[in-house]
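Down below is the structure, laid out as structure tokens.
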Amino acid sequence: MEILFAVIILGSLGLIFGIGLAIASKKFNVQVDPKLEQVQHLLPGANCGACGNPGCFGFAESLLEGKGTVESCRVCSEEIKEKIAGIMGMSLEKQAKKIATLHCNGGLKVKDRYVYNGINDCAAAKLVLGGQKTCVFSCLGFGTCQKACPFGAITMSGEGLPVVDKVKCRSCNKCVLACPKKLFSLVSVSNSVYVACSSHDSGRDVKAACPVGCIACKLCEKTCRFDAIHVIDNLAVIDYHKCTSCKECVAVCPAKTIRVRE
């Protein structure tokens, strides 16, 4: 009888707790917009934060709240963006794909001014007198950008420089933010010409530190028929609103600083 009473009591308690949980689940149930689940299902789950939201779920929520646009996701393909826009009833403004572009061509061509034996990280190396390179604007070569890229789009070459895979690159902006020297920018894939240098030193100082740096000779500026390139503060700067990628500036650059993206 004691065992029977124990079973009855436990069974009754289980039933009471079950009813209580059922009532609580109904009362405190949070209604989820089905659009949220549909959009979240389509998103890549990269959680890169490039859209300005805390992950893909945050991005989906921002769309539902009318605070974001489909174009803000730099990771989704155009096909996925169109599907998301259809679910949300939004218009999609197609934008040209951008590629992370490195504005430095120094690498091992630039000599080290001291031996650095610290943490294998560009940000850490920069804390020691601006880095070990003779050119203070040069890439330090420790691959911080490579580690920051969530898509494996950056590899380090034998020249000690990061190489961007334009197919894998999703223009998430991670490398731009991670580089302590600010050597990356996002350039439209339609603009194949870029300046592989960030030095603002005089031409004389650049030549002493790097054989492939911009020496501010202005040959590119004089050659361009579209007024698309000017030397500003000792560095050639391309105006991509005017540039036609004719490559005439590439041909005349004596230091081979102006390059064509491969």
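The values are calculated or read from the model by the stated rules, or taken from the named source; none is laboratory data. What you are looking at is a predicted structure, and each value in this text was computed from that prediction instead of being measured. Neighbour counts run over all protein chains shown; Cβ positions are idealised from the backbone, glycine included.
Scan (1) surrounded by 17 or more Cβ atoms within 10 Å (Cβ to Cβ); (2) not in a strand (DSSP E or B) for the single condition Arg204 breaks and write down its number.
Arg204 satisfies every listed condition except (1).
Give me a count of the residues in region 100-123 that are within 28 Å of Ser171 (Cβ to Cβ) and either within 20 Å of the chain's Cα centre (by Cα) or in contact (Cβ under 8 Å) with a residue 40 or more places away in the chain (or both).
Residues that pass the stated criteria total 14.
What is the residue count in region 150-194 for residues that are among the hydroxyl-bearing types (Ser, Thr, Tyr) and over 29 Å from Asp112 (Cβ atoms)?
So the answer is 4.
If you scan region 68-88, which residues turn out to be outside any loop (DSSP other than H, G, I, E, B), in contact with a helix residue (DSSP H, G or I) (Cβ under 6 Å, 6 or more places away or on another chain) and within 18 Å of Asn173 (Cβ to Cβ)?
The answer is Val70, Lys81.
Only one of Val212, Val237 is part of a strand (DSSP E or B), aliphatic (A, V, I, L, M) and touching a residue at least 40 places away in the same chain (Cβ under 8 Å); which?
The conditions single out Val237.
Specify the residue that is farthest from the chain's Cα centre (by Cα); the eligible residues are those in region 217-234 that are in a loop (DSSP other than H, G, I, E, B) and either outside the structural domain of Gly106 (by TED's automatic domain parsing) or buried (at least 20 other Cβ atoms within 10 Å of the Cβ) (or both). Walk me through it before giving the result.
Residues of region 217-234 in a loop (DSSP other than H, G, I, E, B): 217-218, 224-228, 233-234.
Now narrow it down to the ones that are either outside the structural domain of Gly106 (by TED's automatic domain parsing) or buried (at least 20 other Cβ atoms within 10 Å of the Cβ) (or both): 224, 228.
Working: Cys224: 30, Ala228: 26 Å.
The qualifying residue farthest from the chain's Cα centre (by Cα) is Cys224.
Please specify each residue of region 240-253 satisfying the condition of being in a loop (DSSP other than H, G, I, E, B) and out of contact with any helix residue (DSSP H, G or I) (no Cβ under 7 Å at 6 or more places or on another chain).
Once the filter is applied, which keeps residues that are in a loop (DSSP other than H, G, I, E, B) and out of contact with any helix residue (DSSP H, G or I) (no Cβ under 7 Å at 6 or more places or on another chain), region 240-253 yields Tyr240, His241, Lys242, Cys243, Thr244, Ser245, Cys246, Lys247.
Residue-by-condition table, conditions (1) closer than 21 Å to Cys210 by Cβ; (2) touching a strand residue (DSSP E or B) at 6+ places or on another chain (Cβ under 6 Å):
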position: Lys133; (1), (2): yes, no
position: Phe137; (1), (2): yes, no
position: Gly143; (1), (2): yes, yes
position: Gln146; (1), (2): no, yes
position: Cys149; (1), (2): no, no
position: Ser157; (1), (2): yes, yes
position: Val167; (1), (2): no, no
position: Ser171; (1), (2): no, yes
position: Leu177; (1), (2): no, no
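Conditions: (1) surrounded by 18 or more Cβ atoms within 10 Å (Cβ to Cβ); (2) of a type outside the set (Phe, Trp, Tyr); (3) outside any helix (DSSP H, G or I). Ser91 meets all but one. Number of the miss?
So Ser91 meets the others, but not (1).
Out of Cys139, Cys145, Cys169, report the one residue that is in a loop (DSSP other than H, G, I, E, B), free of Cβ contacts under 8 Å to residues at least 60 places away in the same chain and not assigned by TED's automatic domain parsing to the domain that holds Cys56.
One residue alone meets the criteria, Cys139.
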